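Notes follow the structure.
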Amino acid sequence: MAEYFIGMHCRFDDVKYKSDYTSRISGIEFCNFDEQEEIQRMLEITKKDSFKIGVHFPLKKASYKYRDPLLLSLDKDEILEAFEAVENEIKYASEIGAEYLLLHFPKPMVIDERLNWEKCKFSHKDETIGEEEYEFEEFKNQCQYTFKKLSELSKKYKIQIVLEIEMLNKYLYQGKLLKDLLEEYSDLKLCLDSARIHVLSNIDYNFDYKTFIKEMAKYTYLLHISNINVTDVIDNGHHPALIKLNEQDGWSNIGEFLNIISSENKDVKVLFEHRSDILTEDELNECYNWVMSYF
């Protein structure tokens, strides 16, 4: 049975909490909080209202020098630093009773530089690396090490680790590498983000998103649901998933995304990762009702 979460970013937002919460929402995912005092306030509120907690790395802003840990870096010292940051985060998430810790994967993103990535505004130069610089065997070995290490940390701290799929290349969406890793390290699970998958499918003409979603559904623990518009530019990020948004106008086909997932796996957590401030109360309920109807 699906569970439904809302997200909080940077601080505990009282207005968002009051507008987004309904009796059907059972958890909150927290990310990138500015102050420790806000984290403590969040913990008090979730305890009082019996909410489950999810942690999206980093829980506290600036706990690591980049937005995401570069676990697949070609720099061995960078890898050690990234894993140290991840373990600290896992330990803290476990101590506060979080259901899961989420990390973006792969980072850095290994991209096919023949494709046009101008639409994507990557946050820093170390966030991506070209295929030509990262041979498949080296990438495969580092993925194996990363999954093994994360699995060990998951067992050590008794917390679910979730890998949110980022921009991919053929190393991961073709062949058996990702599936084999998920089979071998079955305690690690995926997060599929509807907006990220929509962006990738509009940049990489070799990426068959329907096949990928279907193959990965059984390994999926969490869905991040929001829409985004992709035309000559990428805009309207974190737009709520509404049935009226048309694929022909550049929006993601959220219904198709949810239908593929739910036909393979209904035992997921669903995070509404959207800007509810642009919705009326009726529109928010429409969004909830539509998404929840698939599960």
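No value in this document is a laboratory result; all are computed from the given coordinates. All values derive from a computational prediction rather than experimental measurement. Here the Cβ is made from the backbone with ideal geometry for all residues, glycine too, and neighbour counts use every protein chain on show.
Net charge within 12 Å of residue 80 by Cβ-Cβ distance, Lys/Arg positive one each and Asp/Glu negative one each, not counting residue 80 itself? List each step's numbers first, then the result.
Working: positive: 76, 149; negative: 75, 77, 78, 81, 84, 87.
Taking every Cβ under 12 Å from that of residue 80, the sum is -4.
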Pop out the ³J(HN,Hα) list for region 27-37 in order, Karplus 6.51 cos²θ - 1.76 cosθ + 1.60 with θ = phi - 60°, rounded to Hz; leave Gly and Pro as x.
x, 9, 9, 10, 7, 6, 5, 6, 10, 4, 4
Assigned charges on the beta-carbon of Lys, Arg, Asp, Glu; region 96-219 dipole about Cα centre (debye):
560
Could you go through region 173-184 in sequence order and give the Karplus-derived ³J(HN,Hα) for each residue, using 6.51 cos²θ - 1.76 cosθ + 1.60 with θ = phi - 60°, rounded to whole Hz, and x for Gly and Pro?
9, 10, x, 10, 4, 5, 4, 4, 5, 5, 6, 5
Residues with amide H under 5 Å from that of residue 113, placed H, sequence gap 5 or more
131, 132
List the residues whose amide H sits under 5 Å from the amide H of residue 52, counting only those 5 or more places along or on another chain, with H placed 1.01 Å from N in the peptide plane.
27, 28
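How high is the relative contact order of region 186-295, in percent, with contacts defined as C-alpha pairs under 8 Å that are six or more residues apart?
Working: 158 pairs, mean separation 31.7, N = 110.
It comes to 29 percent, rounded to a whole number.
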Karplus ³J(HN,Hα) for region 154-165 (6.51 cos²θ - 1.76 cosθ + 1.60, θ = phi - 60°; Hz, whole; x = Gly/Pro) runs 4, 5, 4, 9, 6, 9, 6, 9, 10, 9, 7, 5
Whose amide H sits under 5 Å from the amide H of residue 74, counting only residues 5 or more places off or on another chain, with H placed in the peptide plane?
none
Run the simple label-point estimate for residue 206 and residue 249 please: 7 Å along Cα→C-beta, distance reported in nm.
3.4
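Using unit Cβ charges (K, R positive; D, E negative) and no other charged atoms, how large, in debye to the nearest 20, is the dipole of region 151-254 about its Cα centre?
Numbers: 12 positive and 15 negative charges, 88 e Å.
About 420 debye.
For the ranges 2-12, 191-201, what's the packing order if you count other beta-carbon atoms within 10 Å of each residue, average per peptide, and put the highest first? Working shown, then result.
Numbers: 2-12: 19.3, 191-201: 22.2.
Averaged packing, sorted descending, gives the order 191-201, 2-12.
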Can you give the charge dipole size of the chain about its Cα centre, rounded to the nearest 20 debye, using +1 on the beta carbon of Lys and Arg and -1 on the beta carbon of Asp and Glu?
840
So what is the calculated 222 nm ellipticity per residue for the chain, using -39500 (n - 2.57) for each DSSP H run with n of 4 or more, over all residues, to the nearest 500 deg cm²/dmol?
-12000 deg cm²/dmol
Rough spin-label spacing in nm, given labels placed 7 Å along Cα→Cβ, for residue 138 and residue 278
4.1
